[in-house]
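Chemist: Quick one: this structure, given as structure tokens, is what I'll be asking you about.
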Amino acid sequence: MANSAHQFETERLSMRLLDERDKDLYAQIYTDEKIMRKISAPLSVEKAHKSFAIALKKNAQPQSPFLTWVITNKTTNETIGIQGLTQHKEQPAFADVGIMLLRNAQGKLLPEESISGLFYYAFSKLNYLRIYAHYSKTNYATHRVTQKMGFTPASASTAESNACFLDTKWLEKQEHTQPIYNSNTSS
């Protein structure tokens, strides 16, 4: 039975924690050269399966500093990607965000919607104060998303990569409806 903790929805998407049924999706994303081209070298299937097992273990830990969600299109019920938060060890109220979508889900404004839902959840339910995004300077799609969402440039940027962040002030600026939280969601 699926874990109902940490579930939330937006208008078109539902997010739930990664579980055993997502092994193929996870491997499909991490082994795809085009999806991974601006992130890192694609993994072999074997390494993707090992990484999946680690992600499952981390999701199962109470108060886990690393959570991975599966993104599902509510209309088609198809899984379209994954997104995650990794808590900073030195500053537990801060986290890094990441998102990867299957190629057929790209270019449909889904990253903005999915990440917005995740930010609402992270700030209001997980009590994060700041969320960082780190990405290659050649990843123009991610740059557009972070600009559109109002990220602030961070001093951690380098010649090869950008770093930026949002904090809880982002919640105050939002005009759209907050995501729907599953009634069984734990805080």
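The values are calculated or read from the model by the stated rules, or taken from the named source; none is laboratory data. Please read all numbers here as calculations on a predicted model, not as lab measurements. When we count neighbours, we look across all protein chains shown, and the Cβ atoms used for this are built from the backbone with ideal geometry, even at glycine.
Chemist: Do you know which residues across region 37-48 are surrounded by fewer than 16 Cβ atoms within 10 Å (Cβ to Cβ) and without any contact (Cβ under 8 Å) to a residue 40 or more places away in the chain?
Modeler: ARG37, SER40, ALA41, SER44, VAL45, GLU46, LYS47
Chemist: Which fully enclosed helices (runs of 4 or more DSSP H) of region 83-187 have 2 or more residues being modelled with pLDDT of 85 or more, of a type outside the set (Lys, Arg) and over 21 Å from GLN61 (Cα atoms)?
Modeler: In region 83-187, the matching helices (runs of 4 or more DSSP H) lie at 110-124, 140-149.
Chemist: Right, something else. Can you tell me which residue among ASP22, ASP32 is touching a strand residue (DSSP E or B) at 6+ places or on another chain (Cβ under 6 Å), closer than 14 Å to LEU102 by Cα and either surrounded by fewer than 12 Cβ atoms within 10 Å (Cβ to Cβ) or in contact (Cβ under 8 Å) with a residue 24 or more places away in the chain (or both)?
Modeler: Selected residue: ASP22, the only one of ASP22, ASP32 that is touching a strand residue (DSSP E or B) at 6+ places or on another chain (Cβ under 6 Å), closer than 14 Å to LEU102 by Cα and either surrounded by fewer than 12 Cβ atoms within 10 Å (Cβ to Cβ) or in contact (Cβ under 8 Å) with a residue 24 or more places away in the chain (or both).
Chemist: Restricting region 4-62 to residues that are part of a helix (DSSP H, G or I) and of a type in the set (Ser, Thr, Tyr), which is nearest to GLN87 (Cα to Cα)?
Modeler: Checked region 4-62; the qualifying residue nearest to GLN87 (Cα to Cα) is SER51.
Chemist: Please work out if LYS57 is exposed (fewer than 15 other Cβ atoms within 10 Å of the Cβ), without any contact (Cβ under 8 Å) to a residue 12 or more places away in the chain and over 15 Å from ALA122 (Cβ atoms).
Modeler: Here the answer is yes, as LYS57 does meet what is asked.
Chemist: Hey, another quick one. For residues that are of a type outside the set (S, T, N, Q) and touching an Asp or Glu at 6+ places or on another chain (Cβ under 8 Å), scanning just region 83-101, find the one that is surrounded by the most Cβ atoms within 10 Å (Cβ to Cβ).
Modeler: Step by step, filter region 83-101, then rank; the result is LEU85.
Chemist: I would also like to ask the following. Which of the residues belonging to region 112-167 are small (Gly, Ala, Ser) and surrounded by 15 or more Cβ atoms within 10 Å (Cβ to Cβ)?
Modeler: Of everything in region 112-167, those that are small (Gly, Ala, Ser) and surrounded by 15 or more Cβ atoms within 10 Å (Cβ to Cβ) turn out to be SER114, SER116, GLY117, ALA122, SER124, ALA133, SER136, ALA163.
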